[in-house]
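All remarks here apply to the structure that follows.
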């Protein structure tokens with residue numbers, strides 16, 4: 001679209017006052033006397049903008065009636081389609097409609113973030129909700145909701161401290177057993193190492209950051225095979241090498257079977 005766009009300069013037929021155009025409604029109102037006029041009477045070929053205006057109005061209605069992530073996404077697609085059509089009109093009306101599209105897209109993006117944050121909050125994912133609300137600090141009641149999420153997150157973390165300690169003790173326990181079996185270290189050395197390592201991991205889990213997720217994943221990946229190894233080695237007197245191979249292979253086989261089961265069910269259903 002050209003940078004220079006000639007303005008619409010219609011004046012009120014009654015008093016000659018300046019008209020305020022409402023392109024989406026197809027009307028204009030005199031700022032002086034308040035008389036209302038149809039834009040079709042004042043703007044040549046106004047009907048050519050009908051398709052664009054219809055898309056923008058549909059987007060506005062969608063956004064107003066369905067303030068969800070899906071509704072906001074649908075509205076954004078409609079604004080995008082309208083914006084593409086606006087490129088055909090290099091005049092003042094086209095410029096106004098472009099601005100309408102851009103304002104609509106900006107609002108839809110905020111509604112999408114807001115709705116997603118509220119969904120996360122309703123599912124008690126307070127950390128994610130607080131992070132999303134922070135992206136739109138001046139939108140609606142985001143500041144109050146972000147504060148509520150922060151408070152709820154802190155309370156939830158306090159409740160999780162016992163579980164954090166239990167989970168945080170798994171990796172240190174595995175390490176201590178390994179040190180004892182492999183290097184025959186004295187318990188007076190192993191126990192302080194285990195306690196310190198447990199305290200560190202429990203604190204990491206308490207912070208509930210991305211690193212906490214890494215710790216949980218590592219805990220699962222290490223503890224399950226190690227537990228299987230101990231059961232096979234001490235419970236069934238299996239040689240160490242065979243017990244280790246079985247302990248590593250068993251979780252991989254289980255994950256593989258669980259992964260292919262839905263696919264097989266779908267194929268059987270299709271047949």
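The values are calculated or read from the model by the stated rules, or taken from the named source; none is laboratory data. Because the structure is predicted, anything quoted here is derived from the model rather than measured. Here the Cβ is made from the backbone with ideal geometry for all residues, glycine too, and neighbour counts use every protein chain on show.
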Yes/no for residue 61 being closer than 13 Å to residue 104 by Cβ and either under 42 Å from the mean Cα position of the chain (by Cα) or assigned by TED's automatic domain parsing to the domain that holds residue 110 (or both): yes
Some residue of segment 96-114 being over 16 Å from residue 78 (Cβ atoms) and in contact with a strand residue (DSSP E or B) (Cβ under 8 Å, 6 or more places away or on another chain): yes
Residue among 193, 167 that is surrounded by fewer than 16 Cβ atoms within 10 Å (Cβ to Cβ), free of Cβ contacts under 8 Å to residues at least 60 places away in the same chain and assigned to a helix (DSSP H, G or I): 193
Qualifying residue in segment 110-123 (condition: assigned to a loop (DSSP other than H, G, I, E, B), in the same structural domain as residue 43 (by TED's automatic domain parsing), out of contact with any helix residue (DSSP H, G or I) (no Cβ under 6 Å at 6 or more places or on another chain) and at pLDDT below 95): yes
Yes/no for residue 75 being assigned to a helix (DSSP H, G or I) and at pLDDT 90 or above: yes
Subset tally (residues that are under 16 Å from the mean Cα position of the chain (by Cα) and assigned to a helix (DSSP H, G or I)) for segment 124-143: 9
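Here is a yes/no grid of residues against (1) touching a residue at least 12 places away in the same chain (Cβ under 8 Å); (2) under 30 Å from residue 154 (Cβ atoms); (3) crowded, with 17+ Cβ neighbours inside 10 Å:
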residue: 39; (1), (2), (3): yes, no, yes
residue: 43; (1), (2), (3): yes, no, yes
residue: 75; (1), (2), (3): yes, no, yes
residue: 84; (1), (2), (3): no, no, no
residue: 90; (1), (2), (3): yes, no, no
residue: 101; (1), (2), (3): yes, no, yes
residue: 113; (1), (2), (3): yes, yes, yes
residue: 116; (1), (2), (3): yes, yes, yes
residue: 126; (1), (2), (3): yes, yes, yes
So residue 12, is it farther than 30 Å from residue 139 by Cβ and touching a strand residue (DSSP E or B) at 6+ places or on another chain (Cβ under 6 Å): yes
